[in-house]
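Remarks on the structure that follows.
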Ligand code: MG
């Protein structure tokens, strides 16, 4: 490993507590926040390995999973951090391979870091061998008070704004210098430049043209999303992408048979023939169940309710639909709406549409307004048109459960 990115993922995130116990796992522009950091490292093409400092075994497991998905070919070591930022950097430094020449320390709470910035900072380091940091100019007027000015009037000093810079990460170092700086550190520091400055070493800055804000409060999420939308032009990793909703499609057909009840969406029709099937052969419920299961990425109803299983003999298919919605919930999705079309030459469906919609709504826990149901004929064409059976199409939309 020539250049290691030391990624600090162990911040407590206490200000995010209401939103999540781990801000780096929060979805940001469709991916966990941490995935954006790894992607930037990967695309910089200058990072040859990463050391990831986490705060717990469970967090480490989740970060490992993300790193396998995002950057399977980037060597990654994992270690557990200390209680302070400094302790975490020390733990990370202990895990850095001895052959490492350069180290870039990055606070993963800045997930919008750009690969270009990482590359340019790396170039600056290799050109001069001086510790350097990504930074931006301070646009605000800064006052420094010796006492708390909110509890009494106080006299401030005003540093010249043109000399002020706000530090970001990454910060980049020759590996031996950073190791030595942290080994010798006597006072707590809030970034790593301060550790090498304590050795009397001058530092350089690279002005960051991109916003690189910290994810500190839930209110930062929309801002970070807008930053990523502005700067990130490549599509998200499909293995990690969590779309706002998913769509599933279902189709079913059953043939007519004598001496069977005709059940459609739980309504029994007064009709001389019914549909043949192991269950009650309710073609609409079957299509709806397949749409729901399909949207959740699950196998079809034949998998969950096989026609070889006596439990489902003459089963009420509204119940099978209810169970399918439950399977989707177990997979992490809830149903948003259903839209169905039944194709039947006979009987007349329209008079029962309201009752059918109500049954579908009850089985799926949806309001009736979220159920679409249309009936059509097959215009005398083919087997359906000759009333050999009834078919149904269904589309379902599911959203990830939050
Ligand atoms: Mg069926």
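Every read-out reported here was derived from the displayed coordinates using simple, explicitly stated rules and does not represent laboratory data. Bear in mind the structure is a predicted one, so any value in this text is a computation, not a measurement. So basically every Cβ, Gly included, is an ideal-geometry build from the backbone, and we count neighbours across all protein chains shown.
Subtract the Cα-Cα distance of residue 368 and residue 386 from 0.36 nm times their separation in residues, and report this length gain in nm to one decimal. Provide the component values of the computation, followed by the final result.
Details: separation 18, 0.36 × 18 = 6.48 nm, distance 3.19 nm.
Between residue 368 and residue 386, full extension yields an extra 3.3 nm.
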In nm, the gap between the two label points placed 7 Å beyond Cα toward Cβ at residue 214 and residue 167 is 1.1
With Cα coordinates, the longest principal axis of the chain makes an angle with the long axis of helix 57-70, in degrees rounded to 10, of 80
Given 0.36 nm per residue, what is the gain on full extension from residue 278 to residue 65 after removing their alpha carbon distance, in nm?
-> 72.4 nm
For segment 113-232, just list the percent of Cα-Cα distances falling in each 10 Å bin from zero outward, please.
-> 12, 30, 34, 20, 3
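If segment 209-360 were replaced by its equivalent ellipsoid, with semi-axes equal to the square roots of 5 times the Cα gyration tensor eigenvalues, what would those be, largest first, whole Å?
Numbers: eigenvalues 386, 53, 32 Å².
Those come to 44, 16, 13 Å.
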Inter-part gap, Cα centre of segment 273-337 to Cα centre of segment 57-88, in whole angstrom, is 41
On Cα atoms only, tilt of 115-128 relative to the major axis of the chain in degrees = 20
Working from Cα positions, state the angle (0 to 90°, nearest 10) between the long axis of helix 283-295 and the longest principal axis of the chain.
-> 10
Taking 0.36 nm per residue of separation and subtracting the Cα-Cα distance, what length does fully extending residue 247 through residue 95 add?
-> 50.3 nm
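Within the chain, what percent of beta bridges assigned by DSSP are antiparallel, to the nearest 5? Kindly include the intermediate steps, with their values, before the conclusion.
On the way: 38 of 64 bridges.
That works out to approximately 60 percent antiparallel.
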For segment 78-174, just run the numbers: alpha carbon Rg, then divide by 2.2 N^0.38 Å, N being how many residues it has.
-> 1.42
Among 247-260, 370-383, the order from most to least packed when residues are scored by Cβ within 10 Å on average = 247-260, 370-383
Please report the Cα spread of the chain along all three principal axes, rounded to whole Å, starting with the longest.
-> 96, 54, 35
So if R0 is 60 Å, what FRET efficiency would residue 316 and residue 142 give, r being the distance between their Cβ atoms, rounded to the nearest 0.05?
-> 0.25
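As an exercise, find the ratio Rg/Rh for segment 317-402 from alpha-carbon atoms, using the Kirkwood inverse-distance average for Rh.
With Rh from the inverse mean 1/r over Cα pairs, Rg/Rh is 1.05.
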Pick from 135, 172, 329: which residue has the top mean-square fluctuation in a GNM of the chain where Cα pairs under 10 Å get a spring?
-> 329
Mind computing the radius of gyration and Dmax over the alpha-carbon atoms of segment 9-168? Å is fine for both.
-> 18.5, 58
Highest mean packing first, using Cβ neighbours within 10 angstrom, the peptides 340-349, 74-83 sort as 340-349, 74-83
